[in-house]
Protein chains: 2
Amino acid sequence: MSEIEADFIIQQTRLSHKLIKKVDSQLSVHGISFSEYMILYYLDCAPTKTMRRIDLAEMLGMSASGVTRMLAPMEKIKLVEKEVNPRDARVSLVKLSDVGNTIYNDASVSFKHAAKALTHKLTPDQLKKMLGFTSQLV
Amino acid sequence: MSEIEADFIIQQTRLSHKLIKKVDSQLSVHGISFSEYMILYYLDCAPTKTMRRIDLAEMLGMSASGVTRMLAPMEKIKLVEKEVNPRDARVSLVKLSDVGNTIYNDASVSFKHAAKALTHKLTPDQLKKMLGFTSQLV
DNA sequence: GATATATGCTTGACTAAACAAGCAATTATT
DNA sequence: AATAATTGCTTGTTTAGTCAAGCATATATC
């Protein structure tokens, strides 16, 4: 009666829940949440370590207001800095600060450890295949 | 620099986010959220269509209080019913009502449709493999 | 060049969930 | 039998997000 596609959705979301929970608890050592880590991650990926808030929201799959709310405390503890865009006064750029960069690098170690632990049941080949499938669906 | 395990976690959670969002919007036609669907799903799976709240919480990966809060409105609109356990007055059983069953069956059609649409980029074989990997990790 | 429309961001109000604390009933210890 | 510990559930409080509305700036149209 139950179909494989539906089962997949259910298992997939269960897994995600578990992964985030685990990673979150590992990252808490560095004083950041999974969502905050993701912000630092995308900023670090950006060539100038700077992004527009709306692009950040897009990448995170979040609303613009959600990003505003998340960034406020991160600015307060100087993980990121606000910059203005001289060409367009509407946009307010977010920049990864030096502190933020350091925290991100530290947190990345924990993140990778956690990631390895969470996926150790798969062989490198299986993991590679799975990442491929996952990326295809995103 | 970036490792495949970490990339996998990131892609996996991105995907999950997308899946839930899509399924949620499809289910809204039936007046229920993804989480509520999951409750109905687990109740439907149970042989007596009845579960203890704490077991439900366990299956959903939620806290007991979260379940209490979710069930309150569902009881109000009669999707589920509260039953007492004659052997243990501490537990309050949750039962899938007839209405709940009907809604669940209707919603399942939408759910399966959405699931198929969301996974159509994978061949049946790929999907089967992926479900296998996912289940292994949960 | 004036006005309409679109874009980026923030704020207010709300919702879903978590955590911690507490109550009530059960089970274990003595 | 009395007390302690555990279990199941609920409630108060807090946090992370959403959506809708609004403000400021930029772009397009006439």
- Going through the range A:79-100 one residue at a time, which ones are crowded, with 17+ Cβ neighbours inside 10 Å and either within 10 Å of DNA strand D (Cβ to nearest atom) or closer than 24 Å to A:V23 by Cα (or both)? A:L79, A:V80, A:L96, A:S97, A:G100
- Message: Let me spell it out: the conditions are (1) within 7 Å of chain B (Cβ to nearest Cβ); (2) buried (at least 18 other Cβ atoms within 10 Å of the Cβ), and A:Q126 meets all of them except one. Which number is the exception?
- Response: (2)
- Leading residue by the ranking (farthest from A:E81 (Cα to Cα)) among those in the range A:1-26 that are surrounded by fewer than 18 Cβ atoms within 10 Å (Cβ to Cβ) and more than 8 Å from chain B (Cβ to nearest Cβ): A:M1
- Tell me which residues, restricted to the range B:53-72, are outside any helix (DSSP H, G or I) and more than 9 Å from DNA strand D (Cβ to nearest atom). B:G61, B:M62
- Scan the range A:27-34 and give yes if some residue there is part of a helix (DSSP H, G or I) and within 14 Å of chain B (Cβ to nearest Cβ), otherwise no. yes
- Query: Taking A:K76, is it closer than 21 Å to A:A107 by Cβ, free of Cβ contacts under 8 Å to residues at least 12 places away in the same chain, more than 9 Å from DNA strand D (Cβ to nearest atom) and of a type in the set (K, R)?
  - Reply: yes
- A:L40, sole failed condition from (1) at positive phi; (2) within 16 Å of DNA strand D (Cβ to nearest atom): (1)
- Scanning the range A:47-58 residue by residue, those closer than 20 Å to A:G100 by Cα, surrounded by fewer than 17 Cβ atoms within 10 Å (Cβ to Cβ) and within 14 Å of the chain's Cα centre (by Cα) turn out to be A:D55
- Query: Just checking, how many residues over the range B:57-77 are more than 10 Å from DNA strand C (Cβ to nearest atom) and either touching an Asp or Glu at 6+ places or on another chain (Cβ under 9 Å) or within 14 Å of chain A (Cβ to nearest Cβ) (or both)?
  - Reply: 4
- Query: Since B:D88 meets every condition but one in (1) outside any helix (DSSP H, G or I); (2) touching a strand residue (DSSP E or B) at 6+ places or on another chain (Cβ under 8 Å), which condition does it not meet?
  - Reply: (2)
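No value in this document is a laboratory result; all are computed from the given coordinates. Worth saying up front: this structure is predicted, and the values here are computed from it rather than measured. Quick reminder, even Gly has a Cβ in these numbers, built from the backbone with ideal geometry, and neighbours come from all protein chains shown.
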